1. So what does GLU223 come to for accessible area, using a 1.4 Å probe and Å² rounded to 10?
2. Anything over 27 Å Cα to Cα? Flag those among LYS77/LYS188; LYS77/LYS113; LYS77/LYS131; LYS79/LYS188; LYS44/LYS230; LYS44/LYS129, in the order listed.
3. Trypsin sites (Lys or Arg not before Pro) within the range 29-100: which are DSSP loop residues with at most 13 other Cβ atoms inside 10 Å?
4. Can you give me the % of accessible surface on the chain that is carbon or sulfur? Probe 1.4 Å, all protein chains present, nothing else counted.
5. Net charge near VAL92: determine it from the other residues with C-beta under 12 Å of the C-beta of VAL92, scoring Lys and Arg +1 and Asp and Glu -1.
6. Suppose R0 equals 41 Å. What FRET efficiency, 1/(1 + (r/R0)^6) with r the Cβ-Cβ distance, do ASP226 and TYR105 give to the nearest 0.05?
7. How compact is the chain by the rule of thumb for globular proteins, expressed as Cα Rg over 2.2 N^0.38 Å?
8. Taking the solvent-accessible surface of protein heavy atoms with a 1.4 Å probe, what is the per residue accessible area of the chain in Å²?
Amino acid sequence: RAMFRPHARILSSKGYRCILFDMPGHGTLVRTTLTLDECSKTVKEILEEESCVPSRTIYIGASFGAYIGFHILSQLKDKFSGAILLDCGQNVGPDCSLKARIGLYFMRKFAEKMTNKAIMETMLGVGGKSKANYHLVECCYASGMFFEQGARQCDCLHAVAPAKIIPDLDFPIQFFNGAEDHRDSEDKWLSLCKDRERSLLKTYEEGDHFFCHDDRFVADMLERMDEFIKKVT
């Protein structure tokens, strides 16, 4: 949840109530078993505890939070009026490409052996190669990594089939991706939206998987989110 605290501050300054939380297996819930249903349960409990009004509630998720977000939205579709999903343009579900399957296989193998220290070192290495520079120390490095269920994460990613879920969602979805990230299905996801008229896709040229932490794009991204939220709530 620390990764998007700076973004939430800006959205809050625009009058929105932002709820940041950890998914099972992450941060404060590091000891909670990570499964798709446990993620849905966590979100449902938060929505109920915070007395969120469905007509004014938007789900926002990036990367893993976006992919499992499809499942969460399918299970709690009556709890939201829209969704904003970032970094989920690649199909990694049951019907994904051979290239994606191989990537998931190696990701799972590495994840099974990675400690929190190793994850932190990997983040530092990847971050060093990216142009992302928006509050990285504050929201990624200083807060540390508390995650020990990499294999389960890969299992969750591979279990979600967005193409089967998206057509059943009545509300609009706003997608964001970086042009340099893996994204073989972003146009397909958009075309499957039931509320196609209000659904949107923005791909940032020169943006990578960390584009939402790249100050070249952050202001525009948040402005687009603001406009989208106002239209759907």
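1. 80
2. LYS77/LYS113; LYS77/LYS131; LYS44/LYS129
3. Answer by residue number: ARG31.
4. The computed percentage sits at 53.
5. So the environment of VAL92 carries a net charge of 0.
6. Calculated value: 0.55.
7. 0.96
8. For the chain, the solvent-accessible area averages 51 Å² per residue.
The values are calculated or read from the model by the stated rules, or taken from the named source; none is laboratory data. Quantities reported herein were computed from a predicted structural model and do not represent experimental measurements. Note that each Cβ is placed from the backbone with ideal geometry, even for glycine, and that neighbours are counted across all protein chains shown. Each accessible area value is taken on the protein alone, full model and side chains, heavy atoms only, with ligands, DNA and RNA left out. Shrake-Rupley method; radii C 1.70, N 1.55, O 1.52, S 1.80 Å.
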